[in-house]
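J.: Got a structure here, written out as structure tokens. Questions coming.
The values are calculated or read from the model by the stated rules, or taken from the named source; none is laboratory data. The model shown is predicted, which means the values in this text are computed figures rather than measured ones. For neighbour counting, all protein chains shown are included, and Cβ atoms are generated from backbone atoms with ideal geometry for every residue, glycine included. Accessible surface areas use protein heavy atoms only, side chains included; no ligands, DNA or RNA. Shrake-Rupley method; radii C 1.70, N 1.55, O 1.52, S 1.80 Å.
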Amino acid sequence: MALNTNLEAINKRRIFGIISHPDAGKTTLTEKLLLHGGAIREAGTVKARRNSKFATSDWMEIEKQRGISVTSSVMQFEYQNKIVSIMDTPGHNDFGEDTYRILTSVDSAVMVIDAAKGVEAQTKKLFKVCSMRGIPIFTFINKLDRQAKDPLEILEDLEEALGLPSVSVTWPIGSGLTFQGIYDRLKNKVYIYRTDYVIELGEKGVFGDELNDVISPTNLEILRNEIELIEGAGNEFDMNQILKGKLSPVFFGTALVDFGVTAFLEHFLDMSPAPAARKTTTGEVSPTDDFFSGFIFKIQANMNPAHRDRLAFLRICSGTFERGMNVTLSRTGKQFKLSQSTMLMANERETVDTAVAGDIIGIYDSGNYQIGDTLTTCKDKLFFEPLPTFPPELFMRVRPINSLKAKHFQKGVQQLAQEGAIQVYTNDYNEIVLGAVGVLQFEVFEYRLKNEYNCDIRMESLNFSVVRWVKTDNPSSLKQYENARTMIVYDHFMRPLLLFANQYTLNTFAERNEDVVLVEALDVESELN
Ligand code: G4P
């Protein structure tokens, strides 16, 4: 019976996303992981892809011009009998809502931190989304080949900046010029830097004699002191806490030199969870449930300019996907035949005929789907939990240059908002205000309105950077708060939001108006529905 075969296939699957601040080494680590899995032959492929001429459609012009990847994809490799999918989370200039949204489809996250810098701004934002979902977060402290912060200080930083307790699985021996290796606390082994030399330690661990002639006396003393400290005062290794995302296993290494990466990968595959049950509005769906179900977390537009097709990224949550199957779109109750489907691989798109829970597939869409939609063969109505609203930080007022194009403009805005390309608000003056997480979202918006809706627009940057929804029965009472540093807009459910110039303006507002209930973007679904 299909169920058992599925169970085996599901248990092999691992889907994760990498979160990091730009330049911490996400791309380099991804490349090394793919190399170990034999998915690509040489390092540089991931970066090369970003700069390559692979883009053929007009839509990809924007990518070529900017030399970046707007189209995120899944990179898959096999390692020790596990099928591992890395969801590409766009960073740098292409940071946007998609980066956040991808994290709703993964079962765990790997957080890459630059050992000289510690926790940085973008990591914090991405971490918040992962921690809200309660998924396990694995930390890879990178660039140990360079002078690094004290490792204990880095762990403290995780706790202070993110509120994330951690437990080190591997530990560095020196850094930069004094870097000599990595101690694997769980396997009781030391890997010697820039060699294949691995030392198996005895019962006494790093306090035994095995390291005496291999590690410099200074490094050995520091290592022993640190290990004594973390064994005495550090957190205990607790798999339950790890799986709940309440304790992060920490690894050290250098992605560039490919050192510490194998140790990380092997532990990661042991500890990270296979696809698990997912919440719906009426209970949970298990990956082994017979009926097919999945949700759309990303819609990619206009891959083929001749057809204007969109590609919807679907995370399968239960059952078996078979090409040509009929599914129901829960939101409308309409039936669709899924005849065009694709695996989303880094460098090629292959037609996919069957897939199981834990797989991500692309399905062609002629404008029927929205972000967050559930597709299923279940006879009962089923809705996966709505995707969170992500906090926009950039705002623009926008209007068509030619007022005769107002209809095209409205249609385009509505369509792009539906796709989740950008957040769209209105204000009391009948103006459209756009909210975005990254500037690229505005560029894409402008490009697509021109190319797909034949409408040139004028955008005017607004001086706001922080947003809060407001819980109120009387939105018109908010009018009194509007001034040069605070603006009222409404989302598509006509829920009021206040835009603030900056965090300081928000804090002052909150102090002066304690009776106004402000809700953060990530809490909107739970607080306002
Ligand atoms: P990102 O995707 O997180 O933005 O980072 P990416 O991997 O592109 O790495 C950013 C820079 O840091 C790159 O250098 C990369 O080579 C370097 N890097 C990554 N891992 C390590 C490491 O373990 N040690 C050291 N020393 N450097 C590391 P770049 O000069 O900006 O680019 P490139 O010219 O080397 O490609």
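J.: Antiparallel versus total DSSP beta bridges in the chain: what percent is that, nearest 5?
T.: 80
J.: Sticking with this one: Can you find, among Thr281, His492, Thr508, the residue sitting farthest towards the positive end of the charge dipole of the chain, where Lys and Arg contribute +1 and Asp and Glu -1 at Cβ?
T.: His492
J.: While we're looking at this one, here's another question. Between Lys246 and Ala121, how many nm apart are label points set 7 Å from Cα along the C-beta direction?
T.: For the pair Lys246/Ala121, the computed spacing is 3.3 nm.
J.: I would also like to ask the following. Which GluC sites (Glu not before Pro) in the range 450-514 pass both tests, a DSSP loop state and at most 12 other beta-carbon atoms within 10 Å?
T.: Glu514
J.: If you place +1 on the Cβ of every Lys and Arg, -1 on the Cβ of every Asp and Glu, and leave all else neutral, what size is the dipole of the chain about its Cα centre, to the nearest 20 Debye?
T.: 1940
J.: If the chain between Lys381 and Asn513 were fully stretched, how many nm would it gain, using 0.36 nm times the residue separation less the Cα-Cα distance?
T.: 43.3 nm
J.: Here's a follow-up. Would you mind getting me the FRET efficiency between Gln414 and Phe207? Use the beta-carbon distance for r and R0 = 56 Å, nearest 0.05.
T.: Using R0 = 56 Å, I get an efficiency of 0.25.
J.: What angle, in degrees between 0 and 90 and rounded to the nearest 10, separates the Cα long axis of helix 261-271 from the longest principal axis of the Cα atoms of the chain?
T.: Between the helix axis and the principal axis of the chain, the angle is about 70 degrees.
J.: Same structure again: Name the residues whose placed amide hydrogens come within less than 5 Å of the amide hydrogen of Arg399, ignoring near sequence neighbours (fewer than 5 apart) on the same chain.
T.: Here the answer is Arg458, since their amide H atoms fall under 5 Å of that of Arg399.
J.: Determine the alpha carbon to alpha carbon distance for each of Lys124/Lys246; Lys279/Lys337; Lys337/Lys379; Lys32/Lys143; Lys128/Lys246 and list only those over 18 Å.
T.: Lys279/Lys337
J.: Please go through the range 195-269 and write out the GluC sites (Glu not before Pro) that DSSP classes as loop and that have at most 11 other C-beta atoms within 10 Å.
T.: Sparse-neighbourhood loop GluC sites (Glu not before Pro): Glu203, Glu236.
J.: How far is helix 217-233 tilted, in degrees, relative to the longest principal axis of the Cα atoms in the chain, given as a value from 0 to 90 rounded to the nearest 10?
T.: 60
J.: For the chain, with the dipole built from +1 on Lys and Arg beta-carbon atoms and -1 on Asp and Glu ones, taken about the Cα centre, which of Pro90, Val352, Thr28 lies farthest toward the positive end?
T.: Val352
J.: What's the angle, to the nearest 10 degrees (0 to 90), between helix 503-512's Cα axis and the longest principal axis of the chain?
T.: Approximately 70 degrees, to the nearest ten.
J.: Rg and Dmax in Å for the chain, alpha carbons only: what are they?
T.: 24.6, 83
J.: Taking amide H atoms as placed 1.01 Å from N in the peptide plane, list the residues 5 or more away in sequence, or in a different chain, whose amide H sits under 5 Å from that of Val110.
T.: So Val110 has HN proximity to Gly17, Ile18, Ile19, Phe138.
J.: Just name one of Pro400, Thr389, Thr376: the one whose Cα is farthest towards the positive end of the charge dipole of the range 368-432 (beta-carbon charges, Lys/Arg +1, Asp/Glu -1).
T.: Of the options given, the answer is Pro400.
J.: Something else about it: Could you look at the range 394-528 and say what percent of its accessible area is carbon and sulfur, using a 1.4 Å probe and all protein chains?
T.: Taking all protein chains in place, the range 394-528 shows 48 percent carbon and sulfur surface.
J.: OK, next. Report, by chain and number, residues whose modeled amide H sits under 5 Å from the one on Gly367, excluding near sequence neighbours (fewer than 5 apart, same chain).
T.: Arg310
J.: Computed from the mean reciprocal separation of all distinct C-alpha pairs, what Kirkwood hydrodynamic radius does the range 7-271 have, in Å?
T.: One decimal place: 19.1 Å for the Kirkwood radius.
J.: Extension gain Asp428-Gln147, at 0.36 nm per residue separation less the Cα-Cα distance, in nm?
T.: 95.7 nm is the gain from fully extending Asp428 to Gln147.
J.: Need the list of lysines near Lys407 for cross-linking: C-alpha distance under 20 angstrom, and skip anything on the same chain fewer than eight residues off.
T.: Leaving aside lysines fewer than 8 places away in the same chain, those within reach of Lys407 are Lys450.
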